[in-house]
1. Under the rule a/c < 1.5 gives rounded, and otherwise a/b versus b/c splits prolate from oblate, where does region 106-195 land using the Cα gyration tensor?
2. State, to one decimal in nm, how far the label point of TRP211 lies from the label point of LEU83, with both points 7 Å from Cα in the Cβ direction.
3. When ranked by the protection proxy of mean other Cβ atoms within 10 Å per residue, highest first, what sequence do the peptides 97-107, 74-84 form?
4. Under 1.5 on a/c is rounded, so check that first for region 44-108, then, if it is not, pick prolate when a/b is larger than b/c and oblate when it is not; a ≥ b ≥ c are the square roots of the alpha carbon gyration tensor eigenvalues.
5. Take the solvent-accessible surface of the protein heavy atoms, probe 1.4 Å, and return the percent of it on region 103-207 that carbon and sulfur atoms account for.
6. Residue by residue, what Karplus-based ³J(HN,Hα) values in Hz, rounded to whole numbers, does region 109-114 have, using 6.51, -1.76 and 1.60 with θ = phi - 60° and x for Gly and Pro?
7. Please turn the phi angles of region 115-128 into ³J(HN,Hα) values with the Karplus equation 6.51 cos²θ - 1.76 cosθ + 1.60 (θ = phi - 60°), one per residue in order, whole Hz, x for glycine and proline.
8. In sequence order, what are the phi-derived ³J(HN,Hα) couplings for region 162-179 according to the Karplus relation 6.51 cos²θ - 1.76 cosθ + 1.60 with θ = phi - 60°, rounded to whole Hz, with x for glycine and proline?
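The values are calculated or read from the model by the stated rules, or taken from the named source; none is laboratory data. These numbers come from a predicted model, not from an experiment. Cβ coordinates were reconstructed from backbone atoms using ideal geometry, including for glycine residues, and neighbour counts include every protein chain displayed. Heavy atoms of the whole protein, side chains included, go into the accessibility calculation; ligands, DNA and RNA do not. Shrake-Rupley method; radii C 1.70, N 1.55, O 1.52, S 1.80 Å.
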Amino acid sequence: MTYSLPPCEQPSSAVVMRRYLLPLLLAYPVLAIVGDVTHRQIFPLIALLLLATAFMLPWLLTRRLGAWLLWLTVLAALVSSSLFGFADLLLESVPILVSALLAIGFGRTLGTPEPLVARFIVVLEGPERLAQPGVARYAREITWSWTLLLAAQALLLAVLLLCAEHAGVLARLGFTSPLAVPDRWAAMWLHVGGYLVLAVAFVLEYGYRRWRLRHLSHPGLHDMLLKLVLHWPELMRGKGAIS
């Protein structure tokens with residue numbers, strides 16, 4: 001008779017995402033502000049690395065060589081930018097890039113039969129929910145709302161990055177800013193305020209959905225957030241889930 005050792009239990013991807021994603025995202029704005037206050041490149045470097053790791057976490061958890069090689073490439077690029085003194089500028093550009101990419105991600109689905117919020121509904125509650133009266137129309141309206149909000153946010157953040165009184169791009173290039181925004185307020189909004197607006201908008205939209213579609217049952221906010229985190233890569237790609 002032969003015996004085999006029981007396989008070592010590995011935590012599921014969902015457990016790992018729940019354990020590490022939120023700390024990574026919360027550490028990012030803290031390090032960004034510390035870097036802005038201390039003017040030391042190491043803090044924006046670590047903040048960028050944590051943000052990149054959070055963004056790539058679903059692929060890193062697959063343990064594929066390509067994902068980890070890409071992560072090492074990003075690390076090398078960030079270290080190089082820090083050596084040349086550009087890490088802080090890259091860090092300040094991240095919120096603009098995030099808002100712009102999300103606006104594009106929402107907006108590009110408006111010309112398709114499956115706007116992004118409709119994909120969310122299918123993943124969270126199943127395709128039968130989308131077929132119920134008023135749900136598909138609501139999904140398209142909210143996709144429009146998120147597109148406009150994110151585009152406006154990207155524009156505002158770009159103005160702050162350009163026009164910050166001393167640390168802005170215009171000031172660094174030797175130009176006088178037409179709208180002198182105090183550096184502290186610009187940095188706070190770039191690294192905290194912008195994300196806070198999106199978080200508040202998400203919670204408000206959830207409450208509005210429960211009121212607008214009050215004749216339907218809805219998943220809890222915690223469960224909905226967890227499912228979105230786990231499925232966002234396929235949501236952004238769009239695999240014809242609705243059809």
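1. Because a/c hits 1.5 or more and a/b exceeds b/c, region 106-195 counts as prolate.
2. 5.6
3. Those peptides, ordered most packed to least, come out 97-107, 74-84.
4. Note, shape of region 44-108 comes out oblate.
5. The nonpolar share, carbon plus sulfur, comes to 73 percent.
6. 8, 5, x, 10, x, 10
7. Working through the residues one at a time gives x, 4, 5, 5, 5, 4, 4, 4, 5, 7, 10, x, x, 5 Hz.
8. So the Karplus estimates, Gly and Pro as x, are 6, 9, 3, 3, 10, 9, x, 4, 4, 5, 5, 8, x, 9, 7, 6, x, 9 Hz.
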